[in-house]
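A quick write-up on the structure given underneath.
The values are calculated or read from the model by the stated rules, or taken from the named source; none is laboratory data. This structure is a prediction, so every number in the text was calculated from the model and none was measured. As a convention, Cβ positions derive from the backbone with ideal geometry for all residues, glycine included, and neighbour counts pool all protein chains shown.
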Amino acid sequence: MTSLGRTLSGLVVAMAAVIVAFVAIAGSGLLLGIFSNPFAVETVDRTGPSVLESLSDLSEYHAASAHYETVVDIERDTGFVPSFISGERVIYVGKGDVDAVVDFGQLDERAVALSNDGTSVTVTLPAPQADDPVLDLENSYVANRDEGIIDKFAGSDLELEAQLKAVEQMTAAVANEGMLVDRAKENTEAMLRGLFRSLGYTRITVNFDEDVT
């Protein structure tokens, strides 16, 4: 065999050895650690930390909470135009919560009267007030919607109007029923009675401004 033949033979053997080694590495899974997929999806998280913007003191005691549900039915029509062309109707089921709170922030030493013998106490508080209703957007929903051809393409704010109407109805219900405020009085009185009993007082009177004559 000539020297050229021997050289070519050696190269063939060397290439064969490299191929065998490559196959062995690939079969063992080690190749994945050497050659990564250039098209692999990589997630880079550059989210920053939460930053405290403000800190507030709470001086309101949330004494009671009520859950309301109202069905709002609003229809908007265009005069002398068939509703299937221009018109809209939304039936919206609104769900929300209303809290009744007692403001402790304006109280001073005059709000608490203690007896000389240390056995009785009289507390006078502002009357509970109902907060604005908070509409639960996650659980409220449009039960039905009918739209004319024009409204389908033009867009509409009727759902927003229905949401505002739901909040309005809840506010009216709180004012008319009075049960939320009454429950808030009961809960506030019970809380204060428990507090002062733990301090050793045996006669505890809780008044609200609107009840004092």
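Computed quantities for the displayed model
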{"item": "Where a residue in the stretch 77-95 is of a type in the set (A, V, I, L, M) and its partner, wherever it lies, is at pLDDT below 75 and surrounded by 12 or more Cβ atoms within 10 Å (Cβ to Cβ), with Cβ under 6 Å and at least six apart", "result": "85/148; 85/149"}
{"item": "Selected residue [more than 24 Å from residue 66 (Cα to Cα) and either in contact with a strand residue (DSSP E or B) (Cβ under 8 Å, 6 or more places away or on another chain) or modelled with pLDDT under 95 (or both)] from 198, 140", "result": "198"}
{"item": "Filter result (in contact with a strand residue (DSSP E or B) (Cβ under 7 Å, 6 or more places away or on another chain) and either within 12 Å of residue 95 (Cβ to Cβ) or of a type in the set (Asp, Glu) (or both)) within the stretch 110-137", "result": "131, 133, 134, 135, 136"}
{"item": "Residue in the stretch 55-85 that is farthest from the chain's Cα centre (by Cα), counting only those that are at pLDDT 65 or above and among the small types (Gly, Ala, Ser)", "result": "79"}
{"item": "Any chance residue 157 is at pLDDT below 95, surrounded by 14 or more Cβ atoms within 10 Å (Cβ to Cβ) and within 30 Å of residue 141 (Cα to Cα)", "result": "no"}
{"item": "Residue count for the stretch 74-121, restricted to those that are within 19 Å of residue 138 (Cα to Cα) and surrounded by fewer than 14 Cβ atoms within 10 Å (Cβ to Cβ)", "result": "0"}
